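Single-structure report; data block below.
The values are calculated or read from the model by the stated rules, or taken from the named source; none is laboratory data. Just so you know, these numbers come straight off a predicted model, no measurement behind them. Note that each Cβ is placed from the backbone with ideal geometry, even for glycine, and that neighbours are counted across all protein chains shown. Just the protein is used for accessible areas: all its heavy atoms, side chains included, with ligands, DNA and RNA removed. Shrake-Rupley method; radii C 1.70, N 1.55, O 1.52, S 1.80 Å.
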Amino acid sequence: MKLAATGCSVVGPAHQKDNQPNQDAVLVQGICKGWCIAVCDGLGSRKLSHKGSRLAANLIRSAVKRSKAVDCNAETISLDLQKRWLDAVEQNSSPYETTCLWASVDSEGLLKSAQVGDGLLLVKSGGEFLVITPERSGFSNQTQTLSQAKYDDWSIVEAPLNQVGDGVLLMTDGISDDLIPEQLEPFFDAVYRQLKQTNRRRCKAWLTQELAEWSTPLHGDDKSIAGIFRTE
């Protein structure tokens, strides 16, 4: 079995125009012969949200690494991450508000993944394509955040990647808001094929160009994506 991972983030046109930092954060890290990824989207209305999203992404790797010692499930990892993020901002979370999507795949191909807030969590397991993200409820400008989320606000999935082409793909709403349901599986497969046919570095360059030249240029949001796939 062979696993491959990639990810990237680009600043949205609106933030470029206003000379604002990227409020998204991406993590792609090898861990224990597997991979760990995250995409986090800081709330644009919060002054330090770019730091909050980066903090969350950086804490994912350590949370997953700790879980290896006691074989924690995805729920436990998510709650551990949330607690450590709140501790890091000293419970003053309002300026740092962020969404959080993370995933890990171990050397045996077991996927653990979770999401809180906007974005998309897509999985293919045993060749079956799954949209884990629930349909959005409430007003479109309202989202759940890492600081506010309760246990049942997390969307959780654990599944084996037991076929070539299986994987997990995470993206922030700067991408997901522009994709219709019929596009999701073809988009997932396109990222997989690009990664399988090239390598992590070249796939990242391809993704970066795709996001920089996004087909809805008037969409001003930052755009971030990360994925892990079984390639052999």
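Just a few scattered comments:
- Sole residue being touching a residue at least 60 places away in the same chain (Cβ under 8 Å) and either touching a strand residue (DSSP E or B) at 6+ places or on another chain (Cβ under 7 Å) or part of a loop (DSSP other than H, G, I, E, B) (or both), chosen from Q163, Q148, Q144: Q163
- Exactly one residue out of T208, T133, T216 is open to solvent by 10 Å² or more (accessible area, probe 1.4 Å), touching a residue at least 60 places away in the same chain (Cβ under 8 Å), over 19 Å from G44 (Cα atoms) and of a type in the set (V, I, T): that is T208.
- On the stretch given as the stretch 93-136, residues that are under 16 Å from I77 (Cβ atoms) and not hydrophobic (A, V, I, L, M, F, W, C) total 5.
- Candidate set from the stretch 177-203 (those that are farther than 19 Å from F229 by Cα and either without any contact (Cβ under 8 Å) to a residue 24 or more places away in the chain or part of a helix (DSSP H, G or I) (or both)); member that is most open to solvent (accessible area, probe 1.4 Å): E182
- Total residues in the stretch 154-164, condition surrounded by 15 or more Cβ atoms within 10 Å (Cβ to Cβ) and either over 22 Å from C36 (Cβ atoms) or out of contact with any helix residue (DSSP H, G or I) (no Cβ under 6 Å at 6 or more places or on another chain) (or both): 5
- Selection within the stretch 109-132 - under 16 Å from G167 (Cβ atoms) and out of contact with any helix residue (DSSP H, G or I) (no Cβ under 8 Å at 6 or more places or on another chain): G109, L110, L111, Q115, L121, V123, S125, G126, G127, E128, L130, I132
- When the residues of the stretch 91-139 are filtered to those that are assigned to a strand (DSSP E or B) and basic (K, R), the one that is nearest to K51 (Cα to Cα) is K112.
- Per-region count, the stretch 66-80, residues in a helix (DSSP H, G or I) and either within 12 Å of S104 (Cα to Cα) or in contact (Cβ under 8 Å) with a residue 60 or more places away in the chain (or both): 7
- Residues located in the stretch 43-65, provided they are open to solvent by less than 60 Å² (accessible area, probe 1.4 Å), touching a Pro at 6+ places or on another chain (Cβ under 9 Å) and either assigned to a helix (DSSP H, G or I) or closer than 16 Å to D173 by Cβ (or both): S49, H50, G52
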